[in-house]
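Asker: Here it is, the structure in full.
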Amino acid sequence: LRDIPVVFITGHSTADDEIAGLAAGAVDFIAKPPLAPLVVARVRTHLRLKLLTDSLRHSAMADPVTGVGNRRQLESILPKEWLRALREGSPIAMLMIDVDYFKEYNDTYGHRAGDLCLRQVAEAISSITEGSADMLTRYGGDEFALVMPRTDADLAQEVADDLVAGIAEIALPHSSSHISEVVTVSIGVSAFEPVAQRDAATSELLPPPTVTGPDELLLAADRALYAAKQDGRSRAYFRAIAPMSAVSLPTSGN
């Protein structure tokens, strides 16, 4: 009920009662017997304030260029989804998505065209991941972060490969790219599965790997993205977080 306005209507009408109700989180306090027009007027006022607050909260968490979540939203949702994964014992994955040679795109076509390019890339990502619980945010500049609850490494890599191919198929012209005539993306993939695993040699059940927190998931995806860009761009690379593996595992990309 944290974000729901609560109005007390009560026969306890002393000043101490009203102070206690407001201190408990109520937005208003009406003593009995209530007057219907007064209750309606106050409720309407609080609904208007609620809508305004929701709008401001959304604006604070949204990227004004692309309309997707911003970095602040990522910093809000990632720890929550990480804790959910630990509670449920379910996997969680992350994609870091970078538009290849975006500085050159801006230099050639201008910043207004660059903003439009970012919007189209964001729309393409949202379209390809539509229907899932994945959450897309703009991490900054030409980078996007996609948090993927209940998604293991194989599925995350599959989605990443689909995104690499799908965004290239939009065929947004990019004459200044060093690798393609259209806009492409490079993607870093990371995943974590907080479940017990079996030793490959002995078949003994091993305890779940332990990690410091969701920052490791983000760092692994960022390092995988760096490897993808260093190896030619327009591809998706996977990197497990440290407790699972310290080795970057490139996969075939476009």
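The values are calculated or read from the model by the stated rules, or taken from the named source; none is laboratory data. Quick caveat, the model's predicted, so the values are computed rather than measured. We place every Cβ from the backbone using ideal geometry, glycine too, and count neighbours over all the protein chains shown. SASA here: full protein model, heavy atoms, side chains in, ligands and nucleic acids out. Shrake-Rupley method; radii C 1.70, N 1.55, O 1.52, S 1.80 Å.
Asker: At a Cα cut-off below 26 Å, give the lysines reachable from K50, other chains included and same-chain residues fewer than 8 away excluded.
Answerer: Those lysines meeting the cut-off are K32, K80.
Asker: Still on this structure, please answer the following. Would you list, by chain and number, the lysines whose Cα falls below 30 Å from the Cα of K103, excluding same-chain residues fewer than 8 positions away?
Answerer: Partners within reach: K229.
Asker: Let me ask something additional. Over all alpha-carbon pairs in the stretch 13-62, figure out the percentage whose distance exceeds 17 Å.
Answerer: So the pairs more than 17 Å apart make up 52 percent of the total in the stretch 13-62.
Asker: While we're here: Accessible area per residue of the stretch 107-151 at 1.4 Å probe, in Å²? It would help to have the intermediate numbers written out before the result.
Answerer: Working: 2140 Å² over 45 residues.
Value returned for the stretch 107-151: 48 Å² of accessible area per residue.
Asker: Same structure again: For n ≥ 4 DSSP H runs only, could you compute -39500 (n - 2.57) per run for the chain, divide by its residues and tell me the 222 nm figure to the nearest 500? Write out the running numbers ahead of the final one.
Answerer: Values: 7 runs with 114 residues, N = 254.
My calculation for the chain gives -15000 deg cm²/dmol from helical runs alone.
Asker: Express the carbon and sulfur contribution to the solvent-accessible surface of the stretch 30-147 as a percent, rounded to the nearest whole number, probe 1.4 angstrom. If you can, show how the numbers build up before the last one.
Answerer: Details: 3730 of 6470 Å².
Here carbon and sulfur together make up 58 percent of the probe-accessible area.
Asker: Then there is this: Let's see if you can work this out: charge +1 on each Lys and Arg Cβ, -1 on each Asp and Glu Cβ, no other charges. What is the dipole magnitude of the stretch 42-157 about its Cα centre, in debye to the nearest 20? All intermediate terms of the calculation are to be shown ahead of the outcome.
Answerer: Numbers: 15 positive and 17 negative charges, 227 e Å.
Magnitude of the dipole: close to 1100 debye.
Asker: On to the next question. Putting +1 on Lys and Arg Cβ atoms and -1 on Asp and Glu Cβ atoms, find which of V65, Y139, V121 reaches farthest to the positive end of the dipole of the stretch 14-152.
Answerer: Farthest towards the positive pole: V65.
Asker: How much of the DSSP beta bridge set in the chain is antiparallel, as a percent to the nearest 5? Display every interim value, and only then the final one.
Answerer: Numbers: 27 of 35 bridges.
Bridges in the chain are about 75 percent antiparallel.
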